[in-house]
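Written out below as structure tokens is the structure these notes cover.
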Amino acid sequence: MSEGPDLPPIPSIGEVLGRKEHFIQKVTTVIRCKQCEGKYTRIFQNGDYTFKKLDNENCPECKKKTPSIIVEIYSEWINPKKEK
Ligand SMILES: [Zn+2]
């Protein structure tokens, strides 16, 4: 990035006031791989529930589909405008 004269954009008042309405719910599923015992997360998918057994999840550690179990599901409210 160059050190140009460009100033960062200043958010308008309206944008700040209306921010709450722009939050979206993001649900994350925490999965434990039975093969490497590692935990990883992915976006919640329909039908997910805690302690559900999964036969074919892509474990990022094992780098293949492994038997896994859902250990936790949590949701958070994120502001998509803040994400880059
Ligand atoms: Zn694994």
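Observations
- Selection count, segment 36-71, where residues are open to solvent by 90 Å² or more (accessible area, probe 1.4 Å), of a type in the set (D, E) and at pLDDT 95 or above: 2
- Candidates K26, K82, filtered to the one that is part of a loop (DSSP other than H, G, I, E, B) and either at pLDDT below 95 or within 14 Å of the chain's Cα centre (by Cα) (or both): K82
The values are calculated or read from the model by the stated rules, or taken from the named source; none is laboratory data. None of the values given here were measured: they were computed from a predicted structure. Surface areas here come from the heavy atoms of the whole protein model, side chains and all, with no ligands, DNA or RNA. Shrake-Rupley method; radii C 1.70, N 1.55, O 1.52, S 1.80 Å.
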